[in-house]
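Here the structure is laid out as structure tokens; the discussion comes afterwards.
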Amino acid sequence: MAMAKKDVKTILDLSLSELQNLIKGNGGKPFVAKQVFDWVYKKKVINFDDMTNLSKDLREKLKTIIPIVPFVNVEVLPSSDKLATKYIFELEGHQFIEAVVLVEKKYKTLCISSQSGCPVDCKFCLTGYAGFKKQLSLGEILGQLLYVMNDGHAITHLVYMGMGEPLLNVETVYASIQRITSEEGFYISRRNITVSTSGYLQGIQYLIDQEIAINLAFSVGNPNPDKREKIMSIEKRNPINEVSRLLSQYLKQHNRKLTLEYTLLKGENDGDDELEELANLAKYLNAKVNLINLNPHPKIPFEPVSKDVIKKFKERLTRKGVRATIRFTKGQDIVAACGQLGESLIKK
Ligand code: SAH
Ligand code: SF4
């Protein structure tokens, strides 16, 4: 595994008091830290030169000490339908992360990465195929949001559904949610934030202990434990039954939504038995099911189902009294849909 250089500390990694100390240490008045915070989190500025109420000397000094975002290069790929835009961020040490902006009528959602690559190795996922590269730092997570907002996207919703398993980087993910939702930070409502997990027990327990109220999405893969283990190695140590029990505990504590993400794989998890078990799980958890057709890739050993199969699957779930939706397929040409990211890791 390629080792990343030490994480570059950025403005986004600092709390307000840490920034106050840094600015004091460089001859600035502590109140300037609040001004910098406002430029970054309210006005989405990513250059010190734009911070016009800071003295020129201080701006020049800050430039030499600390960057605002940690990216050495950014590639922007709009889809031909204009409904999705993929961002590939290059980090120090030739590491890559991806994020996707999805445009809907009333809102703009950012699908954000929590790790570069992923160690979980779900057999249908390109990020898993690419393997684990690194844990993202706070600045690397927040930097994705700041950068796309600076690029003109007024993000209203966030889903931790990009690269990586967020609950395997749960402390940093938690810190990022704090900053995203806090009044001095981006100030986005907790109700508009969803963390998607393949079901890591310790991570769910962490969320329960922190009493953090956000929406959760659980990637089922297959509701049958034996079959699930074949395509999702996480099942071995994190059995779906225990995950479900913990999720229901989480839901009892917080009045938040749970979605079951179900990626359909032809001939693998699209049968009657799976449908029945999935419906039971959804009812037990009072969750909505979001059906995702597999985004195929030469490196992935599965095929998507037909449009007709996914439609019928949805209708049958509905008849069983389960709320079900089909995930839109925006930005197919740039492989922009969340959960199918990783091309940059394989290519570069
Ligand atoms: N690690 C987290 C979040 C990232 S994956 C998780 O697993 O939930 C986000 C979603 O994309 C998951 O629901 C996953 O099942 C789905 N996904 C992964 N690979 C996919 C593919 N090739 N086609 C469609 N969905 C995929
Ligand atoms: Fe990791 Fe999620 Fe992909 Fe599984 S589906 S390999 S947990 S990113």
In segment 214-253, the residues that are within 23 Å of CYS111 (Cα to Cα), out of contact with any helix residue (DSSP H, G or I) (no Cβ under 9 Å at 6 or more places or on another chain) and more than 16 Å from ligand 2 (Cβ to nearest atom): none
Does any residue of segment 93-107 turn out to be within 15 Å of ligand 2 (Cβ to nearest atom), over 24 Å from PRO67 (Cα atoms) and touching a Cys at 6+ places or on another chain (Cβ under 7 Å)? no
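Conditions tested, residue by residue: (1) surrounded by fewer than 20 Cβ atoms within 10 Å (Cβ to Cβ); (2) among the acidic types (Asp, Glu); (3) part of a loop (DSSP other than H, G, I, E, B); (4) more than 9 Å from ligand 1 (Cβ to nearest atom).
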{"position": "PHE124", "(1), (2), (3), (4)": "no, no, yes, no"}
{"position": "THR127", "(1), (2), (3), (4)": "no, no, no, no"}
{"position": "LEU145", "(1), (2), (3), (4)": "no, no, no, yes"}
{"position": "GLY152", "(1), (2), (3), (4)": "yes, no, yes, yes"}
{"position": "GLU171", "(1), (2), (3), (4)": "yes, yes, no, yes"}
Go through LYS43, LYS24 for me and flag whichever is at pLDDT below 95 and not assigned by TED's automatic domain parsing to the domain that holds LEU138. LYS24
Output the residue which, of all residues in segment 312-334 that are assigned to a helix (DSSP H, G or I) and modelled with pLDDT of 95 or more, is farthest from ligand 2 (Cβ to nearest atom). ARG319
Kindly indicate whether ILE68 is crowded, with 17+ Cβ neighbours inside 10 Å, β-branched (Val, Ile, Thr) and closer than 23 Å to LEU91 by Cβ. yes
Looking for something within 18 Å of ASP13 (Cα to Cα), at pLDDT 95 or above and aromatic (Phe, Trp, Tyr) - is there at least one such residue anywhere in segment 157-175? yes
Inter-residue pairs, beta-carbon under 7 Å, first assigned by TED's automatic domain parsing to the domain that holds ALA154 and in segment 95-116, second crowded, with 24+ Cβ neighbours inside 10 Å and of a type in the set (Asp, Glu), 6+ apart: ILE97/GLU140; SER113/GLU98; GLN115/GLU165
As an exercise: evaluate GLY203 against (1) within 30 Å of SER306 (Cα to Cα); (2) within 12 Å of ligand 1 (Cβ to nearest atom) and give the number of the one condition it does not meet. (1)
Can you pull out every residue in segment 76-85 that is within 15 Å of SER113 (Cβ to Cβ) and free of Cβ contacts under 8 Å to residues at least 60 places away in the same chain? none
In segment 173-191, what residues are of a type outside the set (S, T, N, Q) and part of a helix (DSSP H, G or I)? VAL173, TYR174, ALA175, ILE177, ARG179, ILE180, ARG190, ARG191
Within segment 5-21, the count of residues that are at pLDDT below 90 and within 25 Å of MET149 (Cβ to Cβ) comes to 2
Complete set of residues in segment 154-169 that are polar (S, T, N, Q) and in a helix (DSSP H, G or I): ASN169
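The values are calculated or read from the model by the stated rules, or taken from the named source; none is laboratory data. In this text, all values refer to a predicted model and were calculated from it rather than measured experimentally. Reconstructed Cβ throughout: ideal geometry from the backbone, glycine too, with neighbour counts over all protein chains shown.
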